[in-house]
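Some notes on the structure that comes next.
The values are calculated or read from the model by the stated rules, or taken from the named source; none is laboratory data. Because the structure is a prediction, the values reported are computed rather than measured. Methodologically, a virtual Cβ is constructed for each residue, glycine included, from the backbone with ideal geometry; neighbour enumeration extends over all protein chains shown. Accessible surface areas use protein heavy atoms only, side chains included; no ligands, DNA or RNA. Shrake-Rupley method; radii C 1.70, N 1.55, O 1.52, S 1.80 Å.
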Amino acid sequence: MELTDWYIIDDVEQLDTPALVVYPDRVKYNIELVKTIINDLDRLRPHVKTHKSAEVTRLMLQAGITKFKCATIAEAEMLGMCKALDVLLAYQPTGPKLQRFINLINAYPQTSFSCLVDNAATAKLIAGEAVANNILINIYIDLNIGMNRTGILAEQAFELYKQCADLRGIHLMGLHAYDGHIHDSDYKLRELRSEESMLPLYDLMEKIAQQGLKAPVLISGGSPTYPIMANKPDLECSPGTFVYWDRGYQLAFAEQPFQTAALIIARVISLPDDGRICIDIGHKSVSAENDITKRIYFLNAPELVFIGQSEEHLIADAGINHTYKVGNVLYGLPYHICPTIALYERAITIEDHRIMGEWKNIARDRKLTI
């Protein structure tokens, strides 16, 4: 049971708003909890897209986690800087990104990097560049199991698997199957949909085995299906949101008792007319892809009804005869933390209800050095 005042910051008046704050003790709790859900730590490959922070990465490394997943070259470089042992760039590098990926491999030799491929032409291109640069590039074949975003259908992937296995310059590691389309609140329904989405993949793996080819490493699942995937043997899991959690997942996935660990601190900045208040949280301060009612939830003002938002302002109906005043501090829990983090260059750390320091979200940038 969470204490009702866990989020209160005693010296909050020192914070300009809007401000992103994180609570390290809760982050550490989430890292320890995610480890207990899986039977083998070597099967855990957290996605760093949520936190984008070297400090959080180091906490995971200290907890014994050595494998990671990321979506950008900058995130991959951050992991290299932290001396992560195994990093999957869950993206198919094309154009200049391929050369940047090669530069990354050369710059951080202590880290084993890999990337995704979903077609023969790109596989041949990557293989050719690897040979030209006298390196070996690890790849995973990206499968589309329902996300309909990238990847080749499992039913069509066997020929690509064989081709990649024979190409000089690349080392075929396995298969990647992201199931981000499965996020039903009902656990049983989520479990059923997850199993259905994996059936073509199981058929592909059986075909690979029958042909005497090397058994692939399989990477699948995000935070919504993590407890389901964790129960499957010989499969790596890549949850990401667990480290900070958010309002959306808190409401949807009650079976996962992670603690919300990142908030947006805001202030009331105007009282435009009876019943309405204006808060300094705009599109630039919190992820705005959801309906206005599902962007932020104020822990100390749950009754507010949001009626408008622009780049720097959030308008709320507080009711006639409300008691809000200009300057009142609000503690906001984002519905979607991952894109919200990308809006802030730093997170202020809170310990024992006081401001203690900051964590830079360095991988929010598209380029660090490479």
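Here are some notes:
- The chain: relative contact order in percent, alpha carbon pairs under 8 Å with at least 6 residues between: 22 percent
- Helix 187-210 and the longest principal axis of the C-alpha atoms of the chain enclose an angle of approximately 20°.
- By DSSP, the beta bridges lying fully in the chain are antiparallel in about 45 percent of cases.
- Karplus (6.51, -1.76, 1.60) ³J(HN,Hα), θ = phi - 60°, over segment 54-61, in Hz, Gly and Pro reported as x: 5, 5, 5, 4, 5, 4, 5, 4
- The angle separating the long axis of helix 96-107 from the principal Cα axis of greatest extent in the chain is about 80 degrees.
- Carbon + sulfur, % of accessible area of the chain - ligands and nucleic acids excluded, 1.4 Å: 50 percent
- Packing, as the average of other Cβ atoms within 10 Å across residues, places the peptides 223-236, 315-328 in the order 223-236, 315-328, highest first.
- Segment 13-61-segment 255-319 distance, computed between alpha-carbon centres (Å): 24 Å
- Note on residue 294: lysines with a C-alpha under 30 Å away, same-chain residues under 8 apart excluded, are 28, 35, 49, 52, 69, 188, 284, 325, 360.
- Centroid-to-centroid separation of segment 188-245 and segment 326-348 [C-alpha atoms, Å]: 32 Å
- Annotation: per residue accessible area for segment 237-358 equals 41 Å², rounded to a whole number [probe 1.4 Å, protein chains only].
- Accessible area per residue for segment 3-61 is 42 Å², calculated with a 1.4 Å probe on protein heavy atoms, without ligands, DNA or RNA.
- Accessible area of segment 100-206 divided out per residue, in Å², using a probe of 1.4 angstrom: 46 Å²
- Per-residue HN-Hα couplings for segment 354-370 [Karplus 6.51, -1.76, 1.60; θ = phi - 60°; Hz; x = Gly/Pro]: 9, 5, 10, x, 8, 10, 7, 8, 5, 7, 6, 6, 6, 9, 9, 10, 9
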